[in-house]
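Some notes on the structure that comes next.
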Amino acid sequence: MIRKGVLLIALAGPLVGREFIPRDQAKDFQAQSFQARQVGREDSEYQRGLSELDAHEWDKAIAAFDASASRKGSATDAALYWKAYAQNRAGLGQESLTTLSRLRQLYPGSRWLNDAQALEVEVRARSGTPVSPGAETDQDMKLMALNSLMTSNSDQALPILKKLLAGPNSDKLKERAMFVLVQNPSPEARKLLGDTARGSVNPDLQLKAIRYMGMMGGDESRKDLASIYGAAANEQVKRAILKSFMISGSRGILFDLAKSEKDPALRKEAIKQLALTGGQDELWQLYQSEQDAENKKAILQSMFLTGNSSKLADLAKTEKDPGLRASAIKSLGLMGGNGRGDVLVSIYQSDSNPEVRRAVLNSLFLQQNGKALVDLARAEKDPQMKQEIFKKMALVHSKEVTDYMVEILK
């Protein structure tokens, strides 16, 4: 549990270039097996120890790594680390700490020291003597200790985190401290993160706190974000909240804001984030009820994000407003091979509006649909439109276009 939390911190952002990797389960160990085995590939005892770790035979692994370390070869520091790891898994916490201390003393420059620090935090937490966050000066160790403390005693950890967020610490450290908060579902942790999202702790961290609230998810976090959105006057803050609604899958809230937001730019952002949640039905409802052409265009531009090519194809054929038809056609172009090239060709052949026809050509170019462009070029009688097709074909790399160009030059 604790080392899983350490991994989550590492995923939030590298801790000063250090790597902390959980090894609680066999699958976690396997993810590092190649590197570990390469370290001591010529040491049979080291390799045997790794095999015993795979099998969760801790006592046998300890003996194998002890034998490997006694050779004092190139893999000795690695063998000491894995010996300590196996001792911890075997319930020999104090012996594990002793081995880790020996690793630090004998190999102060070892690349295994970063993992050793993380392991020490876990060992001490298991033994009931966790590392004190306040006593640590190293930022990485402080965060690991805080993560451990949040797991075992959140009431003690939360005041420390609050002080860390309010104090003169680096923004990087504060951001990672917020990520520790995300791992705790308690109302107190959510409130502390919410205070930061409101800008009451540090305005510079407000946007990052909003993003983390989206990651936290849950009805209460959604309510907090909605409250912050309603009270905020800053457009950047509101945009960040809309993105967090998308991260948390708050499709209903985004749907409501896409209908009710008065600011045109924010309304378009709400539509975009709604599309990113996969809200095909909601976008179609919006389109049907919307009266403003610009807002309809924004909905069409977002529809390609949902992959709804059939609805876009229908609108590209049936929408009475030429400008909106062109927008639907453009979105089909952005969908690549799924953008219904056959429909685009039929629209070009049946629609006489120049804006719509040019939109079709541009979409076929975006799809790199050389065959369709060649077919249209062969049938086109208008010299000006044929020139438009040639301009697009010149930018398309396909066998059909190459063959057609060769044919013309003969």
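The values are calculated or read from the model by the stated rules, or taken from the named source; none is laboratory data. If you're wondering where the values come from, they're calculated on a predicted model, not measured in any experiment. As a convention, Cβ positions derive from the backbone with ideal geometry for all residues, glycine included, and neighbour counts pool all protein chains shown.
At-a-glance table
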| read-out | value |
| --- | --- |
| Segments classed as helices (runs of 4 or more DSSP H), wholly inside region 104-168, with at least 3 members that are modelled with pLDDT under 80 and touching a Lys or Arg at 6+ places or on another chain (Cβ under 7 Å) | 113-127 |
| Residue selected from region 359-393 under the condition under 20 Å from residue 334 (Cα atoms) and basic (Lys, Arg), by the criterion surrounded by the most Cβ atoms within 10 Å (Cβ to Cβ) | 392 |
| Hits in region 325-342 - residues which are surrounded by 19 or more Cβ atoms within 10 Å (Cβ to Cβ) and of a type in the set (A, V, I, L, M) | 326, 328, 329, 332, 335 |
| Helices (runs of 4 or more DSSP H) contained entirely in region 264-363, each with at least 2 residues that are without any contact (Cβ under 8 Å) to a residue 60 or more places away in the chain and closer than 30 Å to residue 390 by Cβ | 293-306, 309-318, 322-334, 341-350 |
| Count of residues meeting criterion [hydrophobic (A, V, I, L, M, F, W, C) and at pLDDT 90 or above] in region 210-230 | 4 |
| Residue count, region 280-314 (criterion: farther than 21 Å from residue 255 by Cα and buried (at least 23 other Cβ atoms within 10 Å of the Cβ)) | 0 |
| Boolean, residue 164 is in contact with a Pro (Cβ under 9 Å, 6 or more places away or on another chain) and either over 27 Å from residue 257 (Cβ atoms) or touching a residue at least 24 places away in the same chain (Cβ under 8 Å) (or both) | yes |
| First in region 385-410 and polar (S, T, N, Q), second anywhere and buried (at least 19 other Cβ atoms within 10 Å of the Cβ), Cβ under 6 Å, 6 or more apart | 398/370 |
| Odd one out for residue 393 among (1) under 16 Å from residue 344 (Cα atoms); (2) modelled with pLDDT of 90 or more | (2) |
| Boolean, residue 348 is buried (at least 18 other Cβ atoms within 10 Å of the Cβ) and more than 41 Å from the chain's Cα centre (by Cα) | no |
| Considering residues of region 233-263 that are of a type in the set (S, T, N, Q) and part of a helix (DSSP H, G or I) only, the residue modelled with the highest pLDDT | 244 |
